[in-house]
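In what follows, a single structure is set out as structure tokens and then discussed.
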Amino acid sequence: MLAPVTLEGQHVRLEPLSQAHLDGLCVIGMDPSLWAYMLVHVTNRDEMAAYIDAAQGPTQLAFAVIHKASGRVAGCTRYLNYEPAHKRIEIGSTWYGLEFQRTAVNTECKYLLIGYGFETLGMNRVELKTDQRNERSQKAMLRVGAKQEGTLRRHMIVPGFVRDTVYFSVIAEEWPEVKADLEIKLRDGNIPAAPAV
């Protein structure tokens, strides 16, 4: 089971998601475009509260993303499908309010989460996946250093659609180079040209 943890960088703080974040998530999380490729659609406060509750479980750990400069909730992200026996974990269910997209927020979130996965949890593999239709997400995954592996056809049923899923990963041997590249991006203010993954 994943133990709750807070991860902090220069731009963001990732803290365990709870109902205490409900108001902040509701402020930024009601735009329909945020949910276009997600497994669920959130359209009101009650659905957001249910989303938070559903994010709890033994093989996942959900985080509220706090934008440090403003103190506001910027979005949320999760560790999913934690498989300690096989030393792999997934990062997913990530979304950010529109004003926090195309900023350093996603880059630093991935830096913190991938780093914790390898350096603290001792994973061999950190994986990400996205809807094949979501080209912006795919570009963002490549940008943070993940390698595209392939597509699982007709992999998931999402609201109104049967989804093909594109898989990406970073493996432990790649992390030092990926880490160095992300540190350069964060240091130089080289922010993403694509929204969050």
More than 24 Å apart - percent of Cα-Cα pairs taken over region 1-89: 22
Residues whose placed amide H lies under 5 Å from that of Gly9, excluding near-sequence neighbours: Leu14
Calculated FRET efficiency for the pair Arg153/Arg72, C-beta based, R₀ 35 Å, to 0.05: 0.35
Debye equation applied to the C-alpha atoms of region 48-139, log10 I(q)/I(0) at 0.14 Å⁻¹: -0.54
Part-to-part distance (alpha-carbon centres) for region 91-148 and region 22-69, which is given in Å: 17
Relative contact order %, the chain, counting alpha carbon pairs below 8 Å whose residues are six or more apart: 20
Rounded accessible area of His21 (nearest 10 Å², 1.4 Å probe): 20
Solvent-accessible ranking of Lys147, Lys129, largest area first, probe 1.4 Å: Lys147, Lys129
Net lengthening on full extension, Arg45/Arg133 (0.36 nm per residue, minus Cα-Cα): 28.9 nm
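Per residue of the chain, what 222 nm ellipticity follows from adding -39500 (n - 2.57) for every DSSP H run with n ≥ 4, rounded to the nearest 500?
-8500 deg cm²/dmol
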Rg(Cα)/(2.2 N^0.38 Å) for the chain, N = residue count: 0.95
Helical segments meeting 15 Å axial Cα length and Kyte-Doolittle -0.5 threshold in the chain (DSSP H): 104-119
Under 5 Å, built H, 5+ apart or other chain: amide partners of Arg72: His67
For region 84-197, projected area of the alpha-carbon convex hull averaged over all directions, nm²: 7.4
Potential extension, Lys87-Glu119 segment - 0.36 nm per residue separation minus Cα distance: 10.3 nm
Which of Cys76, Cys26 is most accessible, then next, and so on - probe 1.4 Å: Cys26, Cys76
Extension gain, Asp53 back to Glu177 (0.36 nm per residue minus Cα-Cα distance, nm): 41.0 nm
FRET efficiency for Glu8 and Val162, using Cβ-Cβ distance with R0 set to 30 Å, rounded to 0.05: 0.15
Per residue accessible area in Å² of the chain, where ligands, DNA and RNA are left out and the probe is 1.4 Å: 48
Solvent-accessible area, 1.4 Å probe, carbon plus sulfur percent, for the chain: 51
Area of Arg45 that stays accessible when all protein chains are in place (1.4 Å probe, Å², to 10): 120
Heavy atoms of Arg133: accessible area, 1.4 Å probe, square angstrom to 10: 90
Under 12 Å from Lys179, Cα to Cα: aspartates and glutamates that are on another chain or at least 8 residues apart: Glu108, Glu119
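The values are calculated or read from the model by the stated rules, or taken from the named source; none is laboratory data. Keep in mind that what you see is a predicted model, and the values were worked out from it rather than measured. Cβ: placed from backbone, ideal geometry, glycine included. Neighbour counts: every protein chain shown. When the accessible area is computed, the model is the full protein with side chains, heavy atoms only, and any ligands, DNA or RNA have been set aside. Shrake-Rupley method; radii C 1.70, N 1.55, O 1.52, S 1.80 Å.
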